[in-house]
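Just so it is clear, none of the values below were taken in a lab; they were calculated from the coordinates. Quantities reported herein were computed from a predicted structural model and do not represent experimental measurements. Here Cβ is always computed from backbone atoms with ideal geometry, including for glycine, and neighbour counts include all displayed protein chains.
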Amino acid sequence: MAPSAATLQVEPSARDRRLARYAAAAIAASLVEAAIPSPLPGVKPGLANIVILIVLARHGWRDAAWVSVLRVVAGSLLAGQFLAPGFFLAGIGALTSLAVLGALQAVPWHWLGPIGRSVAAAFAHIGAQLLLARLWLVPHDGLFNLAPVFFGAALLFGILNGIVAARLMQEKT
Amino acid sequence: MKAVRPGDWLVIAAGLLATAATAAAQWGRGAPAMAQVRLDGRIVAELPLTGTHRIALDGALGARGQTVIEVEPGRARIAADPGPRQYCVQQGWLTRAGSVAVCAPSHISLQLVGPDGAHDTVAF
């Protein structure tokens with residue numbers, strides 16, 4: 001259609017396209033992960049966080065926050081989980097780890113690398129999810145019996161995702 | 001730049017510590033201290049879970065045989081009971097504070113109690 005006076009043309013900027021590309025990669029990672037069976041709801045590799053970490057290192061916290069929020073909203077739409085309990089758990093986890101990653105931006109990267117940031121974000125993620133689940137979904141302290149399992153998984157997958165993110169960054173820059 | 005930087009080790013150590021601390025707090029306190037034996041709801045024996053004990057007592061089915069309770073360090077069980085379905089015997093060794101084996105026909109129960117009283121009930 002030829003642009004007319006009544007048509008509003010919004011030209012996506014280079015940043016918009018970049019964010020969309022990263023968000024698409026993050027959404028693909030979380031959809032792939034949804035297909036992996038998990039022994040316990042809440043224990044997940046969190047592959048999308050590899051993308052978030054790379055965006056954080058290359059383009060800063062604001063871009064990482066955009067990709068993370070887009071990932072949660074669009075990913076839940078694609079998985080049919082929008083506004084389901086899992087959506088709110090994913091949301092609170094993403095927002096809390098973004099807050100922690102934001103606070104850690106004050107620490108220089110040569111001192112704290114992707115692995116440390118990944119582990120910190122993973123703990124923030126599962127910690128917030130546990131609290132929300134305790135307040136809302138499973139109102140019983142028995143839930144915290146599983147906390148060591150969740151924390152152990154956060155540590156393991158946090159380290160692994162950090163290593164993968166560090167390797168990917170080394171290759172492409 | 002090195003892949004693992006000083007701060008990374010710090011965060012990993014903190015994560016390990018947090019995991020270990022929650023594991024100890026959540027799972028560590030289940031160690032029972034005492035085995036309580038009840039007959040008709042009254043405590044008839046309290047056995048510390050430190051040594052080896054074996055007691056036999058007459059329950060409501062006394063005419064058909066005695067109920068035998070065995071205690072070993074850290075665990076206790078009902079080794080024999082005259083009840084028809086043997087549920088309490090088949091439960092085997094109890095190891096966690098709060099767990100109970102009930103021989104309903106004999107009116108006898110065996111419960112492990114933690115140092116801090118633990119739970120009223122355990123639901124599965």
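Points worth noting:
- Neighbouring Cβ atoms from other chains, within 10 Å of the Cβ of residues in A:103-116, number 4 on average.
- Share of alpha-carbon pairs per 5 Å distance bin for the protein assembly as shown, given as whole %: 1, 5, 10, 12, 11, 10, 8, 7, 7, 7, 6, 5, 4, 3, 2, 1, 1, 1, 0, 0, 0
- Cα-based helix-to-principal-axis angle, A:85-104 vs chain A, degrees rounded to 10: 80 degrees
- In degrees, nearest ten, helix A:147-172 long axis to first principal axis of chain A (Cα): 40 degrees
- In order along the stretch A:77-82, the Karplus-derived 3J(HN,Hα) couplings, from 6.51 cos²θ - 1.76 cosθ + 1.60 at θ = phi - 60°, round to 4, 5, 8, x, 10, 4 Hz, and Gly and Pro are given as x.
- Against the empirical 2.2 N^0.38 Å (N residues), the stretch A:1-95 has a Cα radius of gyration ratio of 1.27.
- Stretch in chain A that is longest and holds no chymotrypsin sites (Phe, Trp or Tyr not before Pro) that DSSP places in a loop and that have at most 14 other beta carbons within 10 Å: A:1-81
- Under the Karplus curve 6.51 cos²θ - 1.76 cosθ + 1.60, θ = phi - 60°, whole-Hz ³J(HN,Hα) for the stretch B:80-93, x wherever Gly or Pro sits: 8, 7, x, x, x, 9, 6, 4, 5, 6, 5, 5, x, 6
- Distant alpha-carbon pairs in the stretch B:31-113 (separation over 21 angstrom), percent: 17 percent
- Solution diffusion estimate, µm²/s, Stokes-Einstein, the stretch A:16-172, Kirkwood Rh from C-alpha pairs, 4 °C, viscosity 1.567 mPa s: 83 µm²/s
- The magnitude of the dipole of the protein assembly as shown, with charges of +1 and -1 set on the Cβ of Lys/Arg and Asp/Glu and taken from the Cα centre, is near 840 debye.
- In chain B, the longest principal axis of the Cα atoms and the axis of helix B:6-27 are about 10 degrees apart.
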